[in-house]
Amino acid sequence: MRHWLIKSEPDVFGIDHLAKVKQEPWSGVRNYQARNYMRDEMKPGDLALFYHSNATPPGSVGVAKVVGAPYPDPTQFDPESEYYDPKSTKENPRWILVDFEFVAKFPTEVPLQQMKDDAALEGMMVLQKGTRLSITPVEAKHFKRVCKLGGWKA
DNA sequence: GCCAACGTTGGC
DNA sequence: GCCAACGTTGGC
């Protein structure tokens, strides 16, 4: 099993939203590298840290699980959607997503600053300067460490 | 609101 | 294929 980190803005879709709806298509990703992770590398059962960006403070707030197989992001075909992509066709869809299922909300949030200050998390991709990727792979040891800091045990 | 970092676009 | 211009991300 692999581990990931997925960013979302809590004003748009936060961990509480996921807890409420239980499952959500991860739509709106318009970055090829992030798409490739979902399309080619994520497997059902993979766990992801749920990270709040553009938040006060930003940080890891819970865990979500990949469910099902990848499929085309429906918002790319919807002219009314802000994620509409006129260059994408149903025959050859450009944007592929997976669904995430709610697993847990951390009893304690793990702010970005705490993650940066934690020696055990050194080298984590999301902590590298200039990393804007909304989906990044996470090493198992880093995943476990963040969960521990969040006061959550699988 | 600022701005560094970085991805994308489009002219050539 | 190069690269300047532009747009977006996201922390602060």
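The values are calculated or read from the model by the stated rules, or taken from the named source; none is laboratory data. Here the structure is a predicted model, which is why all the values come from computation and not from measurement. Note that we place each Cβ from the backbone using ideal geometry, even for glycine, and neighbour counts take in every protein chain shown.
For the condition under 17 Å from residue A:150 (Cβ atoms) and in contact with a helix residue (DSSP H, G or I) (Cβ under 7 Å, 6 or more places away or on another chain), what is the one hit in A:48, A:64? Reasoning before the result, please.
Details: A:48 fails: in contact with a helix residue (DSSP H, G or I) (Cβ under 7 Å, 6 or more places away or on another chain).
Sole residue among the options that is under 17 Å from residue A:150 (Cβ atoms) and in contact with a helix residue (DSSP H, G or I) (Cβ under 7 Å, 6 or more places away or on another chain): A:64.
Could you tell me how many of the residues in the stretch A:105-139 are farther than 19 Å from residue A:64 by Cα and of a type in the set (D, E, K, R)? Adding up the residues that qualify gives 6. Annotation note: Cβ proximity below 8 Å between a residue of the stretch A:1-26 that is farther than 12 Å from residue A:61 by Cα and touching a residue at least 12 places away in the same chain (Cβ under 8 Å) and a residue that is in a helix (DSSP H, G or I) and of a type in the set (Phe, Trp, Tyr) (sequence gap 6+ or interchain) occurs for A:3/A:143; A:4/A:37; A:24/A:13. A search for C-beta distances below 8 Å between a residue of the stretch A:29-44 that is touching a residue at least 60 places away in the same chain (Cβ under 8 Å) and any residue that is part of a helix (DSSP H, G or I), counting only pairs 6+ apart in sequence or on different chains, returns A:29/A:35; A:29/A:38. Residue count for the stretch A:115-139 satisfying the condition of being under 19 Å from residue A:36 (Cα atoms), assigned to a loop (DSSP other than H, G, I, E, B) and either of a type in the set (Val, Ile, Thr) or within 16 Å of DNA strand B (Cβ to nearest atom) (or both): 4. A single entry from A:136, A:131 fulfils the requirement of being surrounded by 19 or more Cβ atoms within 10 Å (Cβ to Cβ), within 16 Å of DNA strand C (Cβ to nearest atom) and of a type in the set (S, T, N, Q): A:136. Close Cβ contacts (under 6 Å, 6 or more residues apart or on different chains) running from residues in the stretch A:77-91 that are closer than 19 Å to residue A:31 by Cβ to residues that are outside any loop (DSSP other than H, G, I, E, B) and within 13 Å of DNA strand B (Cβ to nearest atom) comprise A:85/A:76; A:88/A:76. Would you confirm whether any residue within the stretch A:112-119 is away from DNA strand C (no atom under 16 Å from the Cβ), on the phi > 0 side of the Ramachandran plot, loosely packed, with under 14 Cβ neighbours inside 10 Å and over 14 Å from the mean Cα position of the chain (by Cα)? No - not one qualifying residue is present in the stretch A:112-119. Between A:65, A:141, the distinction of being loosely packed, with under 14 Cβ neighbours inside 10 Å, basic (Lys, Arg), more than 14 Å from DNA strand C (Cβ to nearest atom) and at pLDDT 95 or above belongs to A:141 only.
For the stretch A:77-94, the criterion of a residue being more than 12 Å from DNA strand C (Cβ to nearest atom), at pLDDT below 95 and either in a strand (DSSP E or B) or of a type in the set (Phe, Trp, Tyr) (or both) is satisfied by at least one position.
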